[in-house]
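Structure record follows, encoded as structure tokens.
The values are calculated or read from the model by the stated rules, or taken from the named source; none is laboratory data. Remember, it's a predicted structure, so these values are computed and weren't measured experimentally. Cβ coordinates were reconstructed from backbone atoms using ideal geometry, including for glycine residues, and neighbour counts include every protein chain displayed. Side chains included, ligands, DNA and RNA excluded: accessible areas come from the protein's heavy atoms. Shrake-Rupley method; radii C 1.70, N 1.55, O 1.52, S 1.80 Å.
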Protein chains: 2
Amino acid sequence: MSPYEERLKALRTELAHRNLDGFIVPQADEHLSEYIGAYAQRLAWLTGFRGSAGSAVVLATRAAIFIDGRYTSQVREQVSSDHWSYESSAPQTGVAAWLGEHVPERARIGYDPWLHTNRWTAMVRASLAQRNAQLVAVDTNPVDAVWDGRPKPSDATLTVYPDELAGKSSTAKRKELADCLVAEKADAVVLSALDSIAWTFNIRGRDITHTPVALAYALVHVDATADLFVAPEKLTDAVSQHLGTSVRVHPRRVFAAHLATLSKKKVAVDPERTVAAIFAALEAADTVVVEARDPAVLLKAIKSAAEIAGHKAAQLRDGAALCGFLHWLAREAPKGGLDEMMAARTLREFREETGCLRDLSFATISAAGASAALPHYQPTDGNQRPIETNQIYLVDSGGQYVDGTTDVTRTVIVGTPTAEMKDRFTRVLKGHIALATAVFPVGTRGYQLDTLARRYLWDAGLDYRHGTGHGVGAYLCVHEGPQLINSTMRADEPLLPGMILSNEPGYYKAGDYGIRIENLILVVERGIAGAEHKMLGFETLTFAPIDRALIEMSLLTQKERIWIDAYHADVMRLIGPLLKKPAMDWLSTVTRSLDASTSRKK
Amino acid sequence: MSPYEERLKALRTELAHRNLDGFIVPQADEHLSEYIGAYAQRLAWLTGFRGSAGSAVVLATRAAIFIDGRYTSQVREQVSSDHWSYESSAPQTGVAAWLGEHVPERARIGYDPWLHTNRWTAMVRASLAQRNAQLVAVDTNPVDAVWDGRPKPSDATLTVYPDELAGKSSTAKRKELADCLVAEKADAVVLSALDSIAWTFNIRGRDITHTPVALAYALVHVDATADLFVAPEKLTDAVSQHLGTSVRVHPRRVFAAHLATLSKKKVAVDPERTVAAIFAALEAADTVVVEARDPAVLLKAIKSAAEIAGHKAAQLRDGAALCGFLHWLAREAPKGGLDEMMAARTLREFREETGCLRDLSFATISAAGASAALPHYQPTDGNQRPIETNQIYLVDSGGQYVDGTTDVTRTVIVGTPTAEMKDRFTRVLKGHIALATAVFPVGTRGYQLDTLARRYLWDAGLDYRHGTGHGVGAYLCVHEGPQLINSTMRADEPLLPGMILSNEPGYYKAGDYGIRIENLILVVERGIAGAEHKMLGFETLTFAPIDRALIEMSLLTQKERIWIDAYHADVMRLIGPLLKKPAMDWLSTVTRSLDASTSRKK
């Protein structure tokens, strides 16, 4: 019997003991984090699936795993079809719909209320009602009961995030949150999102992969004092002193019980970022719940001057590491023998050489040839593809530095591109430039700009199936809300000066190659003579060369050529001095003016 | 005492008799129509206000009228401030918010459940609850009780809309609706929107200004039979024969009572298009209500080949009338002495000369100089502005023809424009062209295209505060859902081949001038060599010259110049032969190639 077969069997026995006909296992933690700690990797433990998003449902005689379009092939490699059926997580076929079709009449289906929102439970409950079945909250997670050797939550200590980097003291931030509570006529707010807590208290942790946050909950009160719930062993003297007397620290495990002290109080809770168990505890405590977005979300998205300065410093450092890597790649790849894993490792080494890297901001997408056609591809040991001549290589990566979080994609050709590759690359680049140079009135939402990045692909009957931009944190999450440049998800959130986003149009040809050009951009005010509205635009923060060998000059307008030349001049001016001699010479060559390169050809 | 003071007093007396502390008077009919019949003009009768949208609230000692930004000056001219306070209808200050602040504790506020949606009543109820006040449905409208000489609903007879123009028989349409009911597992659907009824039964009426519909309700059943509720005197033999035996005709007044026959049935009702009274009647009848969009809305929006052919014929006829008018204007306006009302009347005469005009599709926006800065301006007798030299004149108008509904805006200069006018006009034109030539994949929603029409204005710090496009009916409503090109209202509705929309970017300089260039456009498939997606684009349906005197050539790209020349060549080719000699010669001059005009200047 394979270990996964044994685990599934053990879980079914446990469910039978608990009088449950099924159980739902999401890829989630109690904070609904994008990346989760090892202790919360229940889906991977149970099924073998290593993707970043998914859910499983285990019934007595059936088990299904639900994944999105990114993982249709990966799930087949990692999860045995002997015991699991593969299902799409799309609404029509996802967990709720599937349960409505497959559970026995009057079944009792368990779920862990610390891992789901109320919206999710309402949806699943409605679906189960079709079979007169019930959704039952468990007190303890049955997966944990049968998971031998389950990792303990990390006991990494907290560190203080200095006011000089944050640009705003925790006291000032708690005052801002208290002002939001006054506006909402609430007495307190529950903070459950780990990055909101790290931001509010100017602390960082090491409990979650890729994101420097600590497992914690917090309550911020209308008097700007707070209760912070965190494992006591994570506190150092420096952190305790930093938190001060206005922040009462409690063990994380007493959080739910502590909510009883809020009886009769008006408590703001974010229904998208807070699990059902917390709502249940607040109801049991007889509080008046006000559903409202976590007020730290927007405050955190608008970077302070210090955070912007830190971000820029981190970008230059990271840009130099990336340029070092691209130079290495340009030199080594044509010789043959490289593969995706080697490239990802080498890029990490360049970042580590900065001496400042705290973590990667996400697992590197190092993708050669057809791998690059999968926007979220990650190579794994043993399955990596070689980096071959006349093929595209795409690398999407980022670092966590104490002063900023980076996220950058470059697409290069090893050898000679086809005319089609150049056509596609140039259309993606035109879209990238159109967004980078967009000017728009205050009040514009990100989804209004998405089309600017797509239209040159549309003109040729092409498109890409992902958003054009996401928010990025300041030494926090690499995917941070609330702003987005995405016409499908359509965050109804005006772009505001100080927000940082990615600008990452792409093109993917299945089984062949993929292209993405990603820089981070900062929303800034744009002064325009005679303007009747306050106008905004973007400042590009990321500096690394764009592969001129992939540019089809005849598709560019003069304005676009000028933008590329000016951008490359900035890359050389800012990154060049950070490089050693051969890399610096290489950078000087690859960032020279496009017109110069054209005339050299003649 | 003024008549309006008397009417207000009479209404208050009536309310007191009915033990009501207040009453809400919307600009609405029982079908939530955009334009309403004279019998339903309660707001105008009570207050004197003649705008197209608004509401009033009458309390014992206060009365307020709620209007949107279009009507801030008009309301002050038409409604006495002695008796009415002026309020904005924006959510923060609208009827619900205002009631929450101003009604006495425990007040009983009346409303007519035939004039409001459930969503509206829920919102107002929640607001009144703050003062422990109640919202009370009235059996009969108290305004009607005191309105001496209230017009009767129109008794105009129905006409048959021929299958040759509709392109689809009523039987086929009812079958399509029945298919929707099968998909929704419903037994019947309530049709309350007058254009849905006219479309479904291939009938037209004359009960509402600007829209050829008749006051009626309908039920369509899953067996594709129907019940039509319409005043019996509206039926002619031809109509009865056309409706056939599968359509049971009942007097309109028995509609609510008839709903009792649907007891226990599953009935689909559109919550956005159906008033609270109908929901109440269905609940009283113990039906199972399924809230779903009226299925005729989308079916109607996708024009049949016959409707498209009819639309094109109507556009040419209407275009010839408009060109005749523009020629007249070009000849007469420089002489002086014209005014906005004269121009609107003359344009109507040109349309009437076609012999086919059934109605204007909306009240003509005939706007000179500063009038044009108000996007929804309408001149009134005695308040019209003269059409003066070196000023802009904007005319937004349309006709109802049996084969199609038109809506077109042209902006012209009488005399010589300023450089700023040319700059603004050309930016609007560039946006118009960008939308007209857009290519986009199937699945694209209208709001994704809105930015294409704005960005040249944005580049100069300018914008316009209205959507870029609305749907248009086939001899039905000039504003027809569900599709929109509007980034604020964001209809989540993919554009589909056969949909007709307006393309109408603009620019408005308060107190000075306004610009709008509006053509109707048809969504069509676009074949592109090598396309990976099914791509769509637009075919322009409206033909009339764009004033070259307002074009700043240096702002145009070569592609834009080519588009304008090709468009003008089409105008001449299609409209020229429909004009008489002097107008035809004029059209030939104003549609000549831009390059030709440039070289002539040299």
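Taking the label point 7 Å along Cα→Cβ, residue A:76 and its counterparts in the other copies are spaced 7.0 nm apart, in ascending order. Within segment B:515-602, the GluC sites (Glu not before Pro) that combine a DSSP coil assignment with at most 16 other C-beta atoms in a 10 angstrom radius are B:532. Each eigenvalue of the Cα gyration tensor of segment A:68-175, multiplied by 5 and square-rooted, gives one semi-axis; in descending order these are 37, 21, 18 Å. Working note: Karplus 6.51/-1.76/1.60 with θ = phi - 60° gives segment A:64-75 the couplings 9, 10, 10, 9, 8, x, 5, 10, 4, 7, 4, 5 Hz, where Gly and Pro are set to x. Cα extents for segment A:310-465 along the principal axes, largest to smallest and rounded to whole angstrom: 46, 40, 24. Accessible area buried by the pairing of B and A, both sides summed with a 1.4 Å probe, works out to roughly 2600 Å². Residue by residue along B:527-533, Cβ atoms of other protein chains within 10 Å of the local Cβ number 5 on average. Averaging the Cα positions of each part gives two centres, and for segment A:256-280 and segment A:453-529 these lie 34 Å apart. Each residue was assigned an accessible area with a 1.4 Å probe, and for residue B:70 the value is about 90 Å². Here's how it looks for residue B:362: its modeled amide H is under 5 Å from those of B:398, which are all 5 or more places away or on a different chain.
Placing a label point 7 Å from Cα along the Cα-to-Cβ direction at residue A:466 gives distances to the equivalent points in the other copies of 4.1 nm, listed shortest first.
Computed on the Cα atoms alone, the convex hull of the protein assembly as shown gives a volume of 195 cubic angstrom per residue.
Per-residue mean of foreign Cβ neighbours for B:453-459 is 5 (Cβ atoms of other chains, 10 Å radius). Accessible surface calculations at 1.4 Å, restricted to protein heavy atoms, place segment B:476-538 at 31 Å² per residue. Judged by the gyration tensor of its Cα atoms, with axes a ≥ b ≥ c, segment B:136-290 is oblate; a/c meets the 1.5 cut and b/c is at least as large as a/b.
For segment A:126-218, the gyration tensor built on C-alpha atoms gives an oblate shape. Its axis ratio a/c (a ≥ b ≥ c) is at least 1.5, and a/b is not larger than b/c. Past the 30 Å Cα-Cα mark, which pairs from B:175/B:265; A:430/A:581; B:430/B:509; B:335/B:509; A:509/B:303? Pairs exceeding the cut-off: A:430/A:581; A:509/B:303.
Residue of chain B with the smallest Cβ distance to the axis mapping B onto A, distance rounded to whole Å: B:451, 3.
Counting, for every residue in A:443-451, the Cβ atoms of other protein chains within 10 Å of its Cβ and taking the mean gives 5.
Just the protein heavy atoms count here, and of the accessible area of segment B:10-135 at 1.4 Å, carbon and sulfur take up 47 percent. In nanometres and ascending order, the distances from the residue B:284 label point to those of the other copies are 4.6 (point 7 Å from Cα along Cα→Cβ).
Estimated from helical segments only, the mean residue ellipticity of chain A at 222 nm is -10500 deg cm²/dmol, where each DSSP H run of four or more residues counts as -39500 (n - 2.57). Overall, chain B carries a charge dipole of about 780 debye about its Cα centre when +1 sits on the Cβ of Lys and Arg and -1 on the Cβ of Asp and Glu, all other atoms neutral. Here the Karplus relation 6.51 cos²θ - 1.76 cosθ + 1.60, evaluated at θ = phi - 60°, turns the backbone of segment A:441-446 into coupling constants of x, 3, x, 5, 8, x Hz, with x for every Gly and Pro. Surface composition of segment A:150-303: carbon and sulfur atoms hold 55% of the protein heavy-atom accessible area at a 1.4 Å probe. Averaging Cα coordinates gives a centre for segment B:423-437 and one for segment A:188-250; these two points are 53 Å apart.
Heavy-atom accessible surface of residue B:250, to the nearest 10 Å², is about 40 Å², with a 1.4 Å probe and all protein chains retained.
Sorting the segments B:241-249, B:10-18 by their mean number of nearby beta carbons within 10 angstrom, highest to lowest, gives B:10-18, B:241-249. Amide H to amide H, with H built 1.01 Å from N, residue B:480 comes under 5 Å of B:471, B:472, B:473, counting only residues 5 or more places away or on other chains.
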